[in-house]
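The values are calculated or read from the model by the stated rules, or taken from the named source; none is laboratory data. Here the structure is a predicted model, which means the values were calculated and not measured. Heads up, the Cβs are rebuilt from the backbone with ideal geometry, glycines too, and the neighbour counts pull from every protein chain shown. Keep in mind that these areas ignore ligands, DNA and RNA; they rest on the heavy atoms of the full protein, side chains included. Shrake-Rupley method; radii C 1.70, N 1.55, O 1.52, S 1.80 Å.
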Amino acid sequence: MDKLANRKMFNGVEYAFEQRSESDDTPFYGFHCHMLARRNLSYKPFNCKKNIKNTAKGLVASVEGGKMVNIQCIGDDFAKDKEQYFKGLKTAEGKAAK
């Protein structure tokens, strides 16, 4: 994830790792990462998506279909909400324990 975060196509990146398990018996179950990145405007969105998939292909079984690598272009308001989420403000039921 550091390699992806440090690519020149981004001007700023935050990311957080999560798991779906709440139990110590199943650590790392559903282990995944959320990344919030500000695109360097000299890179077109299509090229960013292509570069992200290219970097991630060694991390997941498939970069196609949006299941393992889900890329979304979002606005500033939604980005602020996600930034708060990364910093620990988890409002959905059951999220904080995970």
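Annotations
- Listed options for Rg and Dmax of the Cα atoms in Å are (i) 16.5, 64; (ii) 12.3, 37; (iii) 14.5, 46. The value calculated from this structure is the one marked (iii).
- Rolling a 1.4 Å probe across the protein heavy atoms gives the chain an accessible surface of 77 Å² per residue.
- Cα long-axis angle, helix 76-86 against the chain (0 to 90 degrees, to the nearest 10): 40 degrees
- The Cβ shell under 15 Å around Asp77 holds other residues with a net charge of 0, Lys and Arg each +1, Asp and Glu each -1.
- Sorting Asp77, Asp2 on solvent-accessible area from highest to lowest, probe radius 1.4 Å, gives Asp77, Asp2.
- The fraction of accessible area contributed by carbon and sulfur in the chain is 50 percent, rounded to a whole number (1.4 Å probe; ligands and nucleic acids excluded).
- By a 1.4 Å probe calculation restricted to protein chains, Leu4 has an accessible surface near 20 Å², given to the nearest 10.
- Tilt relative to the chain, helix 45-56 - C-alpha long axis, 0 to 90 degrees, to 10: 50 degrees
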